[in-house]
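All remarks here apply to the structure that follows.
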Amino acid sequence: GVITGPEQLAAPGIRSGIEAAARRLAEAGHRVADMLGDALDWDALRKAAFLITEVEGARVHAALLDDPRSAISPGLRRALEYGRHAGADRIDRCELELERARAALSQLLSSFDLLLLPTTPQVAFAFGVPVPATQADFTAPANVAGLAAISVPVGTLDGLPFGAQLVG
């Protein structure tokens, strides 16, 4: 079976594309259920995952951070410095949030084969434009839980492609 969701967090055209993909899976004989609901706090999960990435990145690249002449881009330097200075309490809260997400995904996937999600909540954005804050909301769960995931094209919106992500 396939679990779908949280299309309500995606752009309307992407929502309908994911719903169409779910219908095609159901027509092919798969049991499809919209059971994700509030199982994950998408915003908290993304923020926790990014902070832990910044903390770990700062540890791994400490020598480069300490060298003001290193070739680290200004944006990456800011992110790693942010992680370097994160407090232990905040890191512990983020680790707990990631563990909650792993447990929720494990519970959901104990009865279903796949999770069907939009790959991103919006279509591609222009180069040089700030990355939307929610860009990684739907890809973070697979990364955090160490799950296999693939994005497949399902449609276009305003001439730009978007995908559905299958996570298992």
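The values are calculated or read from the model by the stated rules, or taken from the named source; none is laboratory data. If you're wondering where the values come from, they're calculated on a predicted model, not measured in any experiment. Backbone-built Cβ (ideal geometry, glycine too); neighbour counts: all protein chains shown. Ligands, DNA and RNA are excluded from the accessible area calculation, which covers all protein heavy atoms including side chains. Shrake-Rupley method; radii C 1.70, N 1.55, O 1.52, S 1.80 Å.
Which residue is surrounded by the most Cβ atoms within 10 Å (Cβ to Cβ), if the candidates are limited to the stretch 31-69 and must be of a type in the set (V, I, T) and assigned to a helix (DSSP H, G or I)? Before you say what the answer is, go through the steps one by one.
Taking the stretch 31-69 as the starting set, the residues that turn out to be of a type in the set (V, I, T) are 32, 52-53, 55, 60.
Checking the rest, the ones that are also assigned to a helix (DSSP H, G or I) come to 52-53, 55, 60.
Details: I52: 18, T53: 15, V55: 20, V60: 11.
Taking the candidates together, the pick is V55.
Test T156 against the criterion of being open to solvent by 30 Å² or more (accessible area, probe 1.4 Å) and closer than 24 Å to E56 by Cβ, and give yes or no. Even if it seems obvious, please write down each step before you answer.
Working: open to solvent by 30 Å² or more (accessible area, probe 1.4 Å): yes; closer than 24 Å to E56 by Cβ: no.
The answer is no for T156.
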Looking at the stretch 75-100, which of its residues are over 15 Å from A48 (Cβ atoms) and either open to solvent by less than 90 Å² (accessible area, probe 1.4 Å) or assigned to a loop (DSSP other than H, G, I, E, B) (or both)?
G75, L76, R77, L80, E81, R84, H85
Does the stretch 21-36 contain any residue that is in contact with a Gly (Cβ under 9 Å, 6 or more places away or on another chain) and under 25 Å from I91 (Cβ atoms)?
no
Condition (residue is in contact with a Gly (Cβ under 9 Å, 6 or more places away or on another chain) and under 30 Å from L25 (Cα atoms)) applied to the stretch 65-81: is it met by at least one residue?
no
Could you go through the stretch 20-28 and let me know if any residue there is closer than 18 Å to V167 by Cβ, open to solvent by 90 Å² or more (accessible area, probe 1.4 Å) and free of Cβ contacts under 8 Å to residues at least 60 places away in the same chain.
yes
Exactly one condition in (1) β-branched (V, I, T); (2) in a strand (DSSP E or B); (3) farther than 27 Å from G168 by Cα is not met by I72; state its number.
(2)
